[in-house]
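The structure appears below as structure tokens.
The values are calculated or read from the model by the stated rules, or taken from the named source; none is laboratory data. Nothing here was measured: the structure is a model prediction, and the numbers come from that model. Please note: Cβ atoms are built from the backbone with ideal geometry, for glycine as well, and neighbour counts cover all protein chains shown.
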Amino acid sequence: MKSVVRWAVDNAPATNTLVVAILILGIWCASSMQREFWPYSNLDVVQVSVEYRGASPEEVEEGICQRIEESVRSVNGVYRITSVAREGTGTVMVELDSGVDEADVQEVLGEIRSRVDNIPSFPALAEQPVVQRQQPRTTALSIGVIGPDESSVQASLALRDLAEKVRDEVLLEDEVSQAEVVGVPDYQIDVEISEDVLRQYNLTLSQVAEVVRDENVEVPGGTLKTSSQDILLRGSNRQSTGASIAAIPLIKDAGGVVLTIGDLGEVRDEFTDDSAISRINGRPGLAVQIDTAKTDDIIKVGDVVKNFVQVYDMPEGYELIYFRDRTDDVKARLLLLVKNGWQGLLLVFVLLTLFLELRLAIWVSMGIPLSIAGALAVMHFTDQTLNMTSMFAFLIALGIMVDDAIVIGENIYVHRTMGKSLRDAAIDGTVEVMPSVVTSVLTTILAFLPMLFITGRLARFTEVLPLAMIAILLFSLGEALTVLPSHLAHADGVGMRTATWLFGPFRFLAIGIQHINRFVSVVLEAFIERLYLPALRFSLRFPALIVCVAITLLMVTVGTVRSGIVPYIVLPQIDSNFCTVMIAFPDGTPERIADQATKRLEVAVRKINQESIDERLTQNPEGVVSALHRTVGYGASTDGDVSSGSHVGSLTVQLIEVGDREMTSQDFVQRWRKRAGNFLGADIVSFGSGPRGLAGLPIEFSLLARSNDIPKLEAAVTACVEQLEKYPGVHDVTAGGRPGKWEYRLKIKDDAQAMGVSLADLSSTVRASYYGEEAMRLQRGRHEVQLRVRYPREQRESLANFDEIRVRDDEGTERPLTELADIEIARSYSAIHRLDQMRSVTIAADVDEEVANAFAITTDLKKTLIPKLAEDYPSLRVLWEGQEEQTSESINSMLYAFIAVMIAMYLLFTIEFKSYLQPFLVLSIIPFGACGAIFGHVIMGLPFTLFSIYGLVALSGIVVNDSIVLIDFINRRVKDGLSLNDAIIDAGRRRCRPVLLTSLTTIGGMMPILLETSRQAQVLIPMATSLSFGLIFGTVLVLILAPIGIFLIAKMQSAFDCIQNAEPVATPDETAYKESNSL
């Protein structure tokens, strides 16, 4: 390695050229990287969907879900199978093992597709299965297309056509790749003919559908080849609009007049019967949702869409707005980290200039942009993005990346004071501390490695952090070992002349900095000689007292944790720019009930907005609400639950920018919940602010049962809900397994079977009457439009007309339905959930963290409720989900990796120190760093979060670096012939300055984010707290405990030798120390 350092020193032009190339590459990579909120990650989930229109959830479960589950359960790589059977559709989600790589995912996807395609027994009326891998998408914002305040069908069609046009045109923008009109029913053409007309002309719905199929065709007829040209032959009578369908001839009357479909009935070219009310800012409006994928820059997408909204030319009476905007959130949070980064960088530079010679401080600081540029290049070529986590990695690294340069630079300075030339001082000073510096950097890299092995969905939050940190540390190490000595070896090199020219106008500042530097040096020397060294000598005289104090400190920390003084939450809530609520009544509830409930919620929003003006919570004269979207028939909550039907409604409230209001989104939700009050009969009322994220709900678990234990499952669910509602601060308690629509179940009579009428005949007749006899599907633009033949709407919506349905037997005789079948009235579930081939019901709740703690409630449930359920219902299974599942999976996987890293650190230290005991001494500092992290959370008034734990893991590698340098120096001084006590005191005197400086620069780099008051940074502050306070505590203890540990090791070895030789125990000398050093 000495030859590498010598080459770098002797080849300054090549070294500087390499530095410039890395800086240019880093700038280019940074400008071309995508920006997003959290790191992008692929979802290892395969979704199988099958439509079975008109079927009940139980029919879908039996005919679709169970058959798919049985087919794919034995595929290698499958971790979990979940399925949902709803009215008309079945969905099976196949979750793969977290260790499956991308190539294996494609292989598993192909195997699942093959097995599903080979299922022979799907119901005859089921659609073809759709097998696809779930693609993660992030909603950037939504475009609101607002129309005139009219309620006619024509107005709805015109609004939908305009929304489709806006969607098509926004997709023409280069940055926009995904846009969809959401919460709208499908287009559909209904041919409606009443039962009386059918009887009059001796027709059935099936016959009318058959005529439509025969007449509305486009059939290729081949090619007519003539001597001059080829002519295509085609039978073309294909119609795709309601008006043209109405003109299709259907039958001749007694006078020979041809009657068309329009003569016998009515053709509606409208939408499906699904409920669909969508109003934006109190007027009819539709939302065009803009999503982003991995290759999209969410900020660029937002800017393009906002400009599109401003310049788009809307027809008179229509308006275009944007809402549910996440791009401003992302931009604000990234800019917040950039601001804190510049502040941290400035603070680190100031600390360096205070403690080091100005020229040395400048060259040490130059390693920061080089390391960041190198890391950006690595991130770019590994398909990473700029996001909250990667930006935070740079923030953490600001102080850490100069630690090695500080040690090397100061040691070079020491060698220069010995009278060596600049070149020799640079080479000798670098080579002397190279082993300990390399060991320290490798130790820090090892500390971040466990984060690479975190499994579960929460791994998405941190996967880029260790990658960025490791890249930064490696480039920093390379710079400190080559570029730094190259610059310090030349007093008048090109780099120094350039720096002198650039900073020439600020030369007067250098004079002031030099005076301050001298003053700080005097103060530091006084601190070392008058405070630290006397304390160190006292500790060497009374080592047992120091050890007892340290053990007491550990015990106090453990007590602090177990007492709950520092509560644990997975992720703190972040202020968002939008809030949502989803409300759902029992399935089958009329549309007007959900409409009334959402209107009530809308009134509450307007009252809160007025309160924000009256209470001066914003300077905006319009209040804190900028947009309001109300829907009925479609609802989506913040945790990703999407429901549809007449019983469902939702509201999305867009708030003004965070900096323009004093009311947080969480405060808005609390007021909203109180203002709206209770909704009698509602199954779900779920409030939220911003996207819930990958962690899920604070409390979420599922109860699983076999099909013959459904009554026990329902009783257990009731007990769980009642228990959750007793906890203060717990709200929005929901449970699956809600009742569905009322069902009329037909059972054929014996007499009907004797007449040759089958249950299939009855079912198909009823299906054609209400659902409709599907004649065909028409392609109209990008939409597939169903053409159905059915009864008129007024007959389909009346129970009285049910008795008028006639069933025709093989002889053409028509009989009333009630004459052929018994009708049983029953009620099933609105949706049937299954997990690992068992029925499952999920119980979930949100928690107000200012009143209660989700972790404490979950712990109490595990101690009280869950054992009682196991006793009362032993056949049931409990599966924890949401934040509890993700936390357990992430921490367990990281724990195993952390143990492996500790073993690797021990092996690394044995190589460095050539000892068995000294590595244990170095590692023993880690628990004391954790003590500082815990007390830091107490001081800052912060809860302990998942990011706090990540900070502790990273701290384990940072906090031991100072002890490595200190112990290595003691070893060297003993080898030079000093006694152990003198070596310890000399090491304390010589290494206290760099130890303090490396710790201060690391803390200084994180200080701006640590003191950040914005709620946007609340996710990251706990990790900065763990690192900063842990390092403060660890540094103080390293300066005392590491020397004490060396002293005690030598003393124990001396005592052991004396016992063996039957001699009195003596004070450990360098001989005993050297012997202990070999253990």
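Considering region 286-342, the residues that are of a type in the set (Phe, Trp, Tyr) and assigned to a helix (DSSP H, G or I) include one that is modelled with the highest pLDDT, namely Phe308. Among the residues of region 604-617, are any part of a strand (DSSP E or B), buried (at least 17 other Cβ atoms within 10 Å of the Cβ) and in contact (Cβ under 8 Å) with a residue 12 or more places away in the chain? No: region 604-617 contains no residue that is part of a strand (DSSP E or B), buried (at least 17 other Cβ atoms within 10 Å of the Cβ) and in contact (Cβ under 8 Å) with a residue 12 or more places away in the chain. Selection of strands (runs of 3 or more DSSP E) fully inside region 173-255 by the criterion of at least 3 residues being in contact (Cβ under 8 Å) with a residue 24 or more places away in the chain returns 178-182, 187-192, 249-252. When Leu320 is tested against (1) at positive phi; (2) buried (at least 17 other Cβ atoms within 10 Å of the Cβ), just one condition goes unmet, and that condition is (1). In region 519-534, the residues that are over 20 Å from Ile1044 (Cβ atoms) reach residues that are surrounded by 15 or more Cβ atoms within 10 Å (Cβ to Cβ) and modelled with pLDDT under 90 with C-beta atoms within less than 6 angstrom, at least six apart or across chains, in these pairs: Val520/Leu354.
Assess whether Thr1013 counts as being modelled with pLDDT of 70 or more and outside any helix (DSSP H, G or I).
Spelling it out, Thr1013 is indeed modelled with pLDDT of 70 or more and outside any helix (DSSP H, G or I).
Summed over region 100-139, the residues that are more than 30 Å from Ile298 (Cα to Cα) and either in contact with a Pro (Cβ under 9 Å, 6 or more places away or on another chain) or of a type in the set (A, V, I, L, M) (or both) give a count of 10. Selection of region 80-136 for residues being polar (S, T, N, Q), under 30 Å from Gly740 (Cα atoms) and in contact with a strand residue (DSSP E or B) (Cβ under 9 Å, 6 or more places away or on another chain) yields Thr82, Ser83, Thr89, Thr91, Gln128, Gln132, Gln134. Listed conditions (1) among the aliphatic types (A, V, I, L, M); (2) in contact (Cβ under 8 Å) with a residue 24 or more places away in the chain; (3) surrounded by fewer than 18 Cβ atoms within 10 Å (Cβ to Cβ) are all met by Ile899, apart from (2).
The residues in region 48-66 that are surrounded by 22 or more Cβ atoms within 10 Å (Cβ to Cβ) and in a helix (DSSP H, G or I) can be counted, and the count is 5.
If I filter region 842-874 down to residues being of a type in the set (Val, Ile, Thr) and under 24 Å from the mean Cα position of the chain (by Cα), which single residue comes out as nearest to Gln573 (Cα to Cα)? Result: Val847. Residues in region 76-89 that are assigned to a strand (DSSP E or B) and closer than 21 Å to Gly772 by Cβ: Arg86, Thr89.
Yes/no per residue for (1) within 23 Å of the chain's Cα centre (by Cα); (2) under 30 Å from Phe392 (Cβ atoms):
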position: Lys306; (1), (2): no, yes
position: Val311; (1), (2): no, no
position: Gly317; (1), (2): no, no
position: Arg326; (1), (2): yes, yes
position: Ala332; (1), (2): yes, yes
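Does any residue of region 25-47 turn out to be modelled with pLDDT of 90 or more, buried (at least 21 other Cβ atoms within 10 Å of the Cβ) and part of a strand (DSSP E or B)? Yes, some residue in region 25-47 is modelled with pLDDT of 90 or more, buried (at least 21 other Cβ atoms within 10 Å of the Cβ) and part of a strand (DSSP E or B). Val789 - would you say it is on the phi < 0 side of the Ramachandran plot and not in a helix (DSSP H, G or I)? Spelling it out, Val789 is indeed on the phi < 0 side of the Ramachandran plot and not in a helix (DSSP H, G or I). For Leu907, the test of being part of a helix (DSSP H, G or I), hydrophobic (A, V, I, L, M, F, W, C) and more than 35 Å from the chain's Cα centre (by Cα) is passed. Test Arg827 against the criterion of being among the charged types (D, E, K, R), surrounded by 14 or more Cβ atoms within 10 Å (Cβ to Cβ) and touching a residue at least 40 places away in the same chain (Cβ under 8 Å), and give yes or no. It is false that Arg827 is among the charged types (D, E, K, R), surrounded by 14 or more Cβ atoms within 10 Å (Cβ to Cβ) and touching a residue at least 40 places away in the same chain (Cβ under 8 Å). Can you confirm whether Tyr770 is buried (at least 19 other Cβ atoms within 10 Å of the Cβ) and touching a helix residue (DSSP H, G or I) at 6+ places or on another chain (Cβ under 7 Å)? When the stated conditions are applied, Tyr770 does not pass them.
Somewhere in region 469-480, is a residue among the hydrophobic types (A, V, I, L, M, F, W, C), surrounded by fewer than 19 Cβ atoms within 10 Å (Cβ to Cβ) and touching a residue at least 24 places away in the same chain (Cβ under 8 Å)?
yes
Applying the criterion of at least 2 residues that are within 28 Å of the chain's Cα centre (by Cα) to the helices (runs of 4 or more DSSP H) found wholly in region 393-469 leaves 422-448, 459-462. Every condition in (1) part of a helix (DSSP H, G or I); (2) at pLDDT below 90; (3) not aliphatic (A, V, I, L, M) is met by Gln135 except one, and the failing one is (1). For the residues Ser948, Ser956, Ser893, Ser915, the requirement of being outside any strand (DSSP E or B), of a type in the set (Ser, Thr, Tyr) and either in contact with a strand residue (DSSP E or B) (Cβ under 9 Å, 6 or more places away or on another chain) or not assigned by TED's automatic domain parsing to the domain that holds Arg562 (or both) singles out Ser948.
Per-residue answers, yes or no, for (1) closer than 22 Å to Met388 by Cα; (2) without any contact (Cβ under 8 Å) to a residue 24 or more places away in the chain:
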position	(1), (2)
Asp962	no, no
Val965	no, no
Asp976	no, yes
Gly988	no, no
Thr998	no, no
Gly1005	yes, no
Leu1020	yes, no
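On the basis of being of a type in the set (A, V, I, L, M) and either assigned by TED's automatic domain parsing to the domain that holds Glu58 or not in a helix (DSSP H, G or I) (or both), does Val766 make the cut? Taking the combined requirement at face value, the residue does not satisfy it.
Conditions (1) buried (at least 17 other Cβ atoms within 10 Å of the Cβ); (2) closer than 30 Å to Asp161 by Cα; (3) under 20 Å from the mean Cα position of the chain (by Cα), marked per residue:
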| residue | (1), (2), (3) |
| --- | --- |
| Val94 | yes, no, yes |
| Gly110 | no, no, no |
| Pro120 | no, no, no |
| Gln128 | no, yes, no |
| Gln132 | no, yes, no |
| Gln135 | no, yes, yes |
| Leu141 | yes, yes, yes |
| Val145 | yes, yes, no |
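Only one of the numbered conditions (1) at positive phi; (2) at pLDDT below 90; (3) surrounded by 20 or more Cβ atoms within 10 Å (Cβ to Cβ) is violated by Gly640, and that is (3). Across region 963-981, the number of residues qualifying as buried (at least 22 other Cβ atoms within 10 Å of the Cβ) and farther than 18 Å from Ser915 by Cβ comes to 0. Could you please let me know if Gly781 is at positive phi, surrounded by 16 or more Cβ atoms within 10 Å (Cβ to Cβ) and touching an Asp or Glu at 6+ places or on another chain (Cβ under 9 Å)? Against the criterion (at positive phi, surrounded by 16 or more Cβ atoms within 10 Å (Cβ to Cβ) and touching an Asp or Glu at 6+ places or on another chain (Cβ under 9 Å)), Gly781 does not qualify.
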